[in-house]
Amino acid sequence: MGSAVIHYSAAATSDRGRKRSSNEDAFGFSVEHGAYLVCDGMGGAAAGEVASALAVDEMMSLLKGRAADAPLPETAEQAISTANEAIFQRAQNNTHLSGMGTTLVALVADGDRAWMLNVGDSRGYRLRDGQLEQITVDHSLVEEQVRSGRMDQAEALRSPLRNVITRALGTQPTVTPDVFPLDIEPGDLFLLCSDGLTRELSDDLLESMLRLDRALEELCSRLTDAANKAGGHDNITCLLVRAEG
Ligand code: CA
C-alpha cells in the first residue's frame, strides 16, 4: 500500500469544433470512484455518437459499481471488454449502426496508484515538473509506420492514412487495451483527449498551456479555444485530472 494521501480533482470539456455537424466524442468521470474516460466514436450517420456514449455509460456504471476490494486495473479491463461486447452486439442487431466503434483512453486511480488504458488514437499525457510526456501509444497505421522506421512524425501528420486506427472498441468481438501502470506524485496533471485536440496543437504547445497555474476548467477552455483557432477540424475533447498531496 502507498503511504502518500493523494486527492484528485478533474474538469472536462467537449466541443463540436468548427467543421463537424455533430459531436461524436464522449467523456465521463467520477473523482469519487477514480474513473476518467474519453471516447471518440466513429461510424456512419449518428453511429459514432451511439458507440462513444455506450462505451462511457457501460464503463462508468461498472467502475462505479465495483466492490471496494476489486482490483482496479482488472476491473477497468473487464469494463472495456463489456463495453466492447455491448457496442459490437448493438451494431450486429442494427444495420444503421453496422461497423460503428470508438476509441478509448481511460485513467483509473486509487490513492498513489493509477493506470492508464487505451484503445485507438485518443491519448493520455502526464505533465510532471513542467514536462509533458505522452503515456499512451496510438493504435494507428501511421504510428506503426513511424515505429517501424518507414515514416517520420512530419510525414505521419500529413499522411492521407492518418485517420486509420488499428484498434477500436466495438468493431470486433474482443479487444485488448494497452495498460500503463503509473506511480502518482503530488502535482501530476493528466490530460486525456481526443485527436481533435492533438491534431491541432503540438505537444510543445500543450505543454506550455498546461504549465499555466490556472483552474482545470479554465485550462480545458483554453485548450479547446486554441484547437478551434487552429482550425477546429474535428470534435475536441479534453479531460484534465490533477493529483494533489
Ligand atoms: Ca476524432
Of all the accessible heavy-atom surface of the chain, with the other protein chains kept in place and a 1.4 Å probe, what percent is carbon and sulfur?
47 percent
Counting only the heavy atoms of the protein chains, how much of Glu155 is accessible to a 1.4 Å probe, in Å² to the nearest 10?
80 Å²
Solvent-accessible area per residue for the chain (1.4 angstrom probe, square angstrom):
46 Å²
Highest-first arrangement of 99-112, 160-173, 51-64, where packing means the average Cβ count within 10 Å:
99-112, 51-64, 160-173
Using only the alpha carbon atoms of the chain, find the Kirkwood hydrodynamic radius as the inverse mean reciprocal pair distance, in angstroms to one decimal.
18.0 Å
Ranked packing of 25-32, 234-241, 147-154, most packed first, by mean Cβ within 10 Å:
234-241, 25-32, 147-154
Expected unfolding gain across Leu157-Val179 under the 0.36 nm per residue rule, minus the alpha-carbon gap, is 5.4 nm
In nm, spacing of pseudo-spin labels at Arg18 and Asp69 (7 Å Cα→C-beta vector)
5.6 nm
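The values are calculated or read from the model by the stated rules, or taken from the named source; none is laboratory data. Since the model is a prediction, treat every value here as computed from it, not as a measurement. Counting neighbours? That spans all protein chains shown, and the Cβs are built from the backbone with ideal geometry, glycine included. Note: areas computed on protein heavy atoms with side chains; ligands, DNA, RNA excluded. Shrake-Rupley method; radii C 1.70, N 1.55, O 1.52, S 1.80 Å.
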